[in-house]
Amino acid sequence: MRRSLRESSLAYLLLLPALAIFGVFTFYPFLENFRLALYENPPFPGLPSHYVGLSQVGSVLGSTGFHQSLVSTFLFVIMVVPCGLLGGLALAVAAHQKLAGMSIYRTIFSSTVVSSVAVAAVVFGTLMDPVVGLLPWLGINPTPPILSNPTWALPAVALIAIWQFLGLSFIIMTAGLQSLPEEVLEAARLDGAGGWTMFWRITVPLLSPSLFFGVVVGTIYAFQSFGQIDILIGPQNAAFTHTNVLLYYVYNALSVQNNPGLAAVLSIVLFTILLVLTLVQFRFLERRVHYASD
Amino acid sequence: MASVTFSGVTKRFDDVVAVNALDLEVADGELLVLLGPSGCGKTTALRMVAGLEEVTDGDLAIGDLRVNDLAPKDRDVAMVFQSYALYPHMTVQRNIEFPLKRQGVAAAERSSRVLEAATTLGLDELLERKPGQLSGGQRQRVALARAIVRAPRVFLMDEPLSNLDATLRVQTRSDIVAIQRRLGTTTIYVTHDQVEAMTMGHRIAVMRNGALEQVASPTDLYDRPATAFVASFLGSPGMNLLAATGFTGHDGTPGLRAAGAELPWPDGFSRQPSGDVTLGFRPEAASLGSEGLDARIILVERLGAETHLICSLADGERVVVRQRDRQSSHQISDHVRIRIDTDQIHLFDAESGLRLGEGT
């Protein structure tokens with residue numbers, strides 16, 4: 001008894017640093033966020049906020065700005081996740097060939113993981129620049145310019161997010177391809193499966209754990225994209241309302257509008273959407289996943 | 001159905017020769033077992049027939065057709081893998097059906113053939129299950145059903161029983177033999193288990209270090225091993241092998257000296273000029289008596305129906321004696337004398353390991 005008490009207090013002692021860090025930087029802000037959502041801030045800085053209960057939640061959820069932001073967010077996610085995953089899969093299949101020098105391509109393909117979003121945004125911003133950019137040089141030069149064009153601004157920032165997600169997606173798919181059971185692929189070859197059948201009927205189903213993981217991680221990544229929009233669009237831009245995804249809305253509510261209550265409500269909405277989506281993915285997509293031990 | 005012919009087939013992986021100039025003909029309808037220890041090249045030989053490994057040198061033919069450059073799917077061979085290699089995302093039905101679909105067999109014929117194969121293997125109740133919901137033995141049978149449903153020219157089996165428990169292995173062994181005899185499909189069966197080889201094969205090809213040691217029927221292989229390696233590899237336990245020297249006695253009769261004892265030169269073996277030979281005798285050809293090789297028992301294995309006495313000779317060599325007597329009273333550390341039945345002696349060249357020539 002005495003011994004087990006000593007052992008468990010030692011265990012708690014060892015856990016303490018991790019608990020303290022999580023407590024201060026994760027649990028406390030998480031809970032504090034729910035409290036902030038109950039307070040409304042007056043439109044002028046410096047004045048005290050006052051308790052309004054859940055009424056603020058209702059007014060935010062009913063606002064046009066929120067609806068627009070929600071639409072932009074989902075459009076953004078729908079562009080980024082499938083393109084990023086399929087692109088990563090295509091690169092992984094290409095790099096899976098047993099050819100000399102393939103490790104160089106692997107390094108190149110996975111390098112977007114380590115490139116910073118700021119650098120990527122600036123490079124892509126330059127490419128899309130109406131005067132010195134590559135796209136105008138190729139004859140693609142809409143008016144207004146891409147990054148302030150209500151139609152093209154969101155696809156443009158989505159493109160950067162796709163490019164950045166490609167590296168991670170490539171790594172996930174490569175790991176999946178490399179762990180495919182060799183004998184199953186050989187059995188399919190003997191059973192008469194050609195390249196196309198092999199890929200769609202055997203490889204892709206066997207890759208389903210990696211694809212599923214990619215969908216979950218990609219969705220979370222896309223919902224949390226923010227840097228490209230802040231650097232290339234910003235609140236002053238004409239196309240801003242079309243690129244104001246939820247996370248950027250949160251940031252904007254806090255740092256530009258100085259409205260912690262609004263930011264708190266929005267971040268709770270973002271959290272809820274991600275939670276529900278992830279649960280839905282686990283509930284429905286995972287049924288179609290075949291793990292190797294099956 | 002068709003024969004399979006290896007003519008000087010060699011497979012090299014970079015500097016390693018996995019199969020070295022293999023000459024072997026598997027007759028139409030035959031079940032040939034490729035037997036040998038790990039790394040002897042038997043699986044590589046099988047995979048070359050499947051088309052999963054390229055032939056480095058020599059010719060490989062199925063029937064009259066040279067298949068060296070033919071894609072696996074065009075060879076009309078079905079393979080059962082050690083891991084079964086079932087498609088985890090498909091039901092049993094779809095697993096068995098897959099090769100037929102690829103061949104473009106019509107739906108109605110497909111389902112009747114799948115049902116027939118499934119019924120043969122007792123899988124008709126499990127058609128809607130997925131491999132993950134099956135036991136090892138059931139998965140193994142799905143793999144077999146997927147092979148037989150195609151009615152291919154050749155079956156290739158790569159240690160298909162090694163992941164099953166002992167009881168199931170014995171049962172499945174006889175099931176495979178029964179199916180093969182009924183269908184009469186040419187079959188190449190790879191195993192390292194000599195009991196499987198002895199009980200299943202029409203003939204057994206023993207391989208070692210990428211080369212063929214001997215091809216013969218199970219009884220021939222057991223009774224007249226062509227090399228000391230085959231002698232020691234077949235049988236459980238394998239043949240006892242001792243270093244021996246031939247000599248000529250005072251009266252001019254040839255004899256054999258091994259482990260300090262003298263034996264008459266066995267009939268049917270030519271004399272070796274050098275004198276040095278390897279003496280072989282099966283555990284059942286040895287018995288304990290009042291004369292023979294001096295030995296000490298170091299282990300007694302009571303298997304129920306029989307008892308194995310593992311003995312150490314004066315020079316440290318080990319000899320196994322098989323006793324039919326289940327109540328053997330012998331104990332560890334007992335000093336005994338081992339008598340060898342001279343009619344059941346085998347002699348091999350001490351250098352090359354080859355069986356000594358017949359004659360006098």
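Across the residues of A:189-202, average count of Cβ atoms on other protein chains within 10 Å? Walk me through the intermediate numbers first.
On the way: counts 7, 20, 16, 13, 7, 3, 0, 0, 3, 0, 0, 0, 7, 4.
For peptide A:189-202, the averaged partner shielding equals 6.
For an R0 of 60 angstrom, estimate the FRET efficiency from the Cβ-Cβ distance between B:E116 and A:W137 and round to the nearest 0.05.
About 0.35, to the nearest 0.05.
Using the alpha-carbon atoms, what tilt in degrees (0 to 90, nearest 10) does helix B:92-103 show relative to the longest principal axis of chain B?
Value to nearest ten degrees: 80.
Taking every DSSP beta bridge that has both residues in the protein assembly as shown, what percent is antiparallel when rounded to the nearest 5?
Details: 64 of 82 bridges.
Of those bridges, close to 80 percent are antiparallel.
Tell me which trypsin sites (Lys or Arg not before Pro) from segment B:122-202 have a DSSP coil assignment and no more than 16 other beta carbons within 10 Å of their own.
Loop-located and lightly packed - B:R129.
Rounded to whole Hz and in sequence order, give me ³J(HN,Hα) for segment B:77-85 from the Karplus expression 6.51 cos²θ - 1.76 cosθ + 1.60, θ = phi - 60°, writing x for Gly and Pro.
With the stated coefficients, segment B:77-85 comes to 10, 10, 10, 10, 8, 4, 8, 6, 6 Hz.
Specify which residue in the list B:V170, B:A61, B:T187 is farthest towards the positive end of the charge dipole of segment B:4-231, using unit charges on the beta carbon of Lys, Arg (+1) and Asp, Glu (-1), about the Cα centre.
B:V170
For segment B:36-117, run through the GluC sites (Glu not before Pro) and keep only the ones in DSSP coil with at most 15 other Cβ atoms within 10 Å of their Cβ.
Working: sites: B:E53, B:E54, B:E97, B:E109, B:E116; in loops: B:E53, B:E54.
Answer by residue number: B:E54.
So what is the diffusion coefficient of segment B:39-101 in µm² per second by Stokes-Einstein at 10 °C and 1.306 mPa s, using a Kirkwood Rh over Cα pairs?
In µm²/s, the coefficient is 118.
Can you list residues from other chains, or at least 5 along the same chain, whose modelled amide H is less than 5 Å from the amide H of B:L34?
Correct list: B:Y189, B:V190, B:T191, B:A205.
Assuming R0 = 22 Å, what is the FRET efficiency of A:I104 and A:S179, from their Cβ-Cβ distance, to the nearest 0.05?
0.50
Is any residue of segment A:254-294 close enough, with backbone N under 20 Å, to a label point placed 7 angstrom from the Cα of A:F199 along the Cα-Cβ axis, and if so, which?
Zone members listed by number: none at all.
Quote the Stokes-Einstein diffusion coefficient, in whole µm² s⁻¹, for segment A:46-100, based on the Kirkwood radius over alpha carbon pairs, a temperature of 20 °C and a viscosity of 1.002 mPa s.
After rounding, the answer is 139 µm²/s.
Pairs of alpha-carbon atoms within less than 8 angstrom and 6+ residues apart define the contacts here; what relative contact order does chain A have, in percent? Don't jump to the answer; show the numbers that get you there.
Details: 326 pairs, mean separation 79.0, N = 294.
Rounded, it is 27 percent for chain A.
Convex hull over the Cα atoms of the protein assembly as shown, averaged projected area in nm²?
47.5 nm²
Considering the alpha-carbon set of chain B alone, what are its Rg and its Dmax in angstrom?
24.3, 84
What would the Debye formula give as log10 I(q)/I(0) at q = 0.15, 0.19 Å⁻¹ for the alpha-carbon point model of segment A:164-262, no solvent?
-0.72, -0.91
Where in chain A are the DSSP H helices whose alpha-carbon span along the long axis reaches 24 Å or more and whose Kyte-Doolittle mean is at least 1.6?
Working: long enough: A:2-22 (30 Å, 0.81); A:64-95 (46 Å, 1.73); A:153-178 (37 Å, 1.77); A:260-280 (29 Å, 2.60).
Answer set is A:64-95, A:153-178, A:260-280.
If I histogram all Cα-Cα distances within segment B:237-349 using bins 10 Å wide from 0, what percent of pairs lands in each bin?
14, 47, 28, 10, 1
Which order do the peptides A:152-160, B:260-268 come out in when sorted by mean C-beta neighbours inside 10 angstrom, highest first?
Output ranking for A:152-160, B:260-268: A:152-160, B:260-268.
With charges set only on the Cβ (+1 for Lys and Arg, -1 for Asp and Glu), what does the dipole of the protein assembly as shown come to about its Cα centre, in debye to the nearest 20?
2220 debye
If you average over every viewing direction, what projected area does the convex hull of the Cα atoms of segment A:64-288 give, in nm²? It would help to have the intermediate numbers written out before the result.
On the way: hull surface 59.2 nm².
If I average the Cα hull's projected area over directions, I get 14.8 nm².
B:L256's amide H: which non-local residues (gap 5+, or another chain) put their own amide H closer than 5 Å, with H modeled 1.01 Å from N in plane and none for Pro or chain starts?
B:F247, B:L263, B:W265
State whether segment A:1-113 is rounded, prolate or oblate according to the following rule on the C-alpha gyration tensor (a ≥ b ≥ c being the square roots of its eigenvalues): a/c under 1.5 gives rounded; otherwise a/b larger than b/c gives prolate, and the remaining case gives oblate.
oblate
Full-extension gain between B:E301 and B:D57, please, as 0.36 nm times their residue separation minus the C-alpha to C-alpha distance.
83.1 nm
What residues does segment A:252-294 have that are buried by at least 10 Å² of accessible area in the full protein assembly compared to the chain on its own, 1.4 angstrom probe?
A:H290, A:S293, A:D294
Any idea what % of Cα-Cα pairs in segment B:92-241 are farther than 19 Å?
58 percent
Calculate the FRET efficiency for B:R337 and B:V195 from the Cβ-Cβ distance with a Förster distance of 35 Å, rounded to the nearest 0.05.
My answer for the efficiency is 0.70.
Which residue fluctuates most in the GNM of chain A (Cα springs below 10 Å): A:G234, A:G261, A:G194?
Fluctuation is largest for A:G194.
Please provide three numbers in whole Å: the alpha-carbon extents of segment B:109-191 along the principal axes, with the largest listed first.
Here the Cα extents, ordered largest to smallest, are 32, 30, 17 Å.
At a probe of 1.4 Å, how much accessible area disappears from chains A and B on forming the pair, both sides counted, to the nearest 100 Å²? It would help to have the intermediate numbers written out before the result.
Details: alone 17340 and 16650 Å², together 31950 Å².
Roughly 2000 Å² of accessible surface disappears when A and B pair.
For chain B, with only Lys/Arg (+1) and Asp/Glu (-1) charged at the beta-carbon, what is the dipole magnitude about the Cα centre, in debye rounded to 20? The partial results should precede the final answer.
Values: 38 positive and 47 negative charges, 298 e Å.
The dipole magnitude comes to about 1440 debye.
Mind checking B:80-88 for the average number of partner chain beta-carbons within 10 Å of each residue's beta-carbon? Each step should come with its number before you reach the end.
Details: counts 1, 7, 1, 5, 3, 10, 5, 11, 10.
Partner Cβ neighbours, averaged per residue: 6.
Please list, ordered by chain and number, the residues whose modelled amide H lies under 5 Å from the amide H of B:D57; skip anything fewer than 5 residues away on the same chain.
Amide H to amide H, under 5 Å and 5 or more residues apart or across chains, B:D57 pairs with B:T10.
How much length is gained on full extension from A:V113 to A:R35, taking 0.36 nm per residue of separation minus their Cα-Cα distance?
24.5 nm is the gain from fully extending A:V113 to A:R35.
Could you state how much accessible area B:V170 has, in square angstrom rounded to the nearest 10, with a 1.4 Å probe and all protein chains kept in place?
In the full protein context, B:V170 sits at about 80 Å².
Considering the options A:Y221, A:P181, A:L211, tell which one lies farthest towards the positive end of the dipole of segment A:127-270, charges being +1 on Lys and Arg and -1 on Asp and Glu at the Cβ, about the Cα centre.
A:Y221
With θ set to phi - 60°, apply the Karplus curve 6.51 cos²θ - 1.76 cosθ + 1.60 along segment B:23-34 and write out the HN-Hα couplings as whole Hz, x wherever there is a Gly or Pro.
Result, ordered by residue: 10, 7, 10, 9, 6, 4, x, 7, 9, 9, 9, 9 Hz.
Going toward the positive end of the dipole of chain A, with +1 on Lys and Arg Cβ and -1 on Asp and Glu Cβ, which of A:T126, A:L61, A:L16 do you reach last?
A:L16
The values are calculated or read from the model by the stated rules, or taken from the named source; none is laboratory data. Being a predicted model, the structure only gives us computed values, none of them experimental. Every residue, glycine as well, gets a Cβ built from its backbone with ideal geometry; the counts of neighbours run over all protein chains shown. Ligands, DNA and RNA are stripped out before the accessible areas are found, and what is left, the full protein with its side chains, is counted by its heavy atoms. Shrake-Rupley method; radii C 1.70, N 1.55, O 1.52, S 1.80 Å.
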